[in-house]
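Before any comments, here is the structure.
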Amino acid sequence: GAGVSQTPSNKVTEKGKYVELRCDPISGHTALYWYRQSLGQGPEFLIYFQGTGAADDSGLPNDRFFAVRPEGSVSTLKIQRTERGDSAVYLCASSLTGLAGGGGEQYFGPGTRLTVT
Amino acid sequence: AQSVTQLGSHVSVSEGALVLLRCNYSSSVPPYLFWYVQYPNQGLQLLLKYTSAATLVKGINGFEAEFKKSETSFHLTKPSAHMSDAAEYFCAVSYTGGGNKLTFGTGTQLKVEL
């Protein structure tokens, strides 16, 4: 079956612009996660959805970052007034459920590489 | 708070030699531990996971890891390295009640030489 897909694969934008990054999870997966991976670092958690609601957004760095998942499937990560420090690879993952104890496997997409110039 | 530390940002081994990638965790509650592999320009792929069953966990591609509570470690090993094992490896931790949220280490780049 299809895995997690992310679009676009690459995005170059100018400082101050608005960007949207899209994630299509595996069909039937109720949990969806966004991570950010800076060069030479491990992925850092941003936000987690269980269904349509954000169950944990503690990783969002500031109020320029926002994410939605209106129908419990596709999710969009939105970044306002982009800064050069936002340049990173944004990874999306999904899992069957986020409710079962913490040991569930997450399936990752290939990521969107965001470059802010 | 949970965290993982990966010792050695770069590890180089000869083809056919033992692979040992180190991971130590810190967790105030029983952890779930994972090893992921990342090939260039690809997403993370799960190698194996520890979820409180057997302490020795076998994964894909001949990798295995042993959970040692006394040492707070979850080191990844493979008896014989192959050129195709060259990639970046990440250790990660989650915990009950954390919604499967993963906290990753900084990664270890494995190089396999002829």
Expected single match for surrounded by fewer than 18 Cβ atoms within 10 Å (Cβ to Cβ) and touching an Asp or Glu at 6+ places or on another chain (Cβ under 8 Å) among A:Thr13, A:Thr30, A:Thr76 is A:Thr76
Please work out if B:Leu76 is more than 8 Å from every other protein chain (Cβ to nearest Cβ) and within 21 Å of A:Ser95 (Cα to Cα).
no
Report yes if A:Thr82 is open to solvent by 20 Å² or more (accessible area, probe 1.4 Å) and either in a loop (DSSP other than H, G, I, E, B) or touching a Leu at 6+ places or on another chain (Cβ under 8 Å) (or both), otherwise no.
no
Can you find, within the range B:1-28, the residue that is surrounded by the fewest Cβ atoms within 10 Å (Cβ to Cβ) among those that are assigned to a strand (DSSP E or B) and touching a His at 6+ places or on another chain (Cβ under 7 Å)?
B:Leu20
Looking at the range B:96-114, I want the residues that are free of Cβ contacts under 8 Å to residues at least 60 places away in the same chain and have a partner that is assigned to a loop (DSSP other than H, G, I, E, B) and surrounded by 21 or more Cβ atoms within 10 Å (Cβ to Cβ) with Cβ atoms under 6 Å, at least 6 apart or on another chain. Which pairs are those?
B:Gly99/A:Gly98; B:Asn100/A:Gly98; B:Asn100/A:Gly102
Inside the range A:25-49, can you point out the residues that are touching a residue at least 60 places away in the same chain (Cβ under 8 Å) and more than 10 Å from chain B (Cβ to nearest Cβ)?
A:Pro25, A:Ile26, A:Gly28, A:His29, A:Thr30, A:Leu32
Subset of the range B:5-54 (residues that are closer than 20 Å to A:Phe45 by Cα, among the β-branched types (Val, Ile, Thr) and at pLDDT 95 or above)
B:Thr5, B:Val37
Only residues in the range A:51-72 that are over 19 Å from A:Asp24 (Cβ atoms) count as the first member; pair them with residues that are part of a loop (DSSP other than H, G, I, E, B) and modelled with pLDDT of 95 or more, Cβ under 6 angstrom, at least 6 apart or cross-chain, and list the lot.
A:Arg64/A:Gln80; A:Arg64/A:Arg81
Do we have A:Asp56 as acidic (Asp, Glu) and at pLDDT 95 or above here?
no
If we keep just the residues of the range A:1-14 that are farther than 30 Å from B:Ser9 by Cβ and not in a strand (DSSP E or B), which is farthest from the other protein chains (Cβ to nearest Cβ)?
A:Glu14
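The values are calculated or read from the model by the stated rules, or taken from the named source; none is laboratory data. Just so it is clear, the model here is predicted, and its values are computed rather than measured. Don't worry about glycine lacking a Cβ; one is built from the backbone with ideal geometry, like all the others, and counts go over all protein chains shown. We work out accessible area using only protein heavy atoms, side chains counted, and drop any ligands, DNA or RNA first. Shrake-Rupley method; radii C 1.70, N 1.55, O 1.52, S 1.80 Å.
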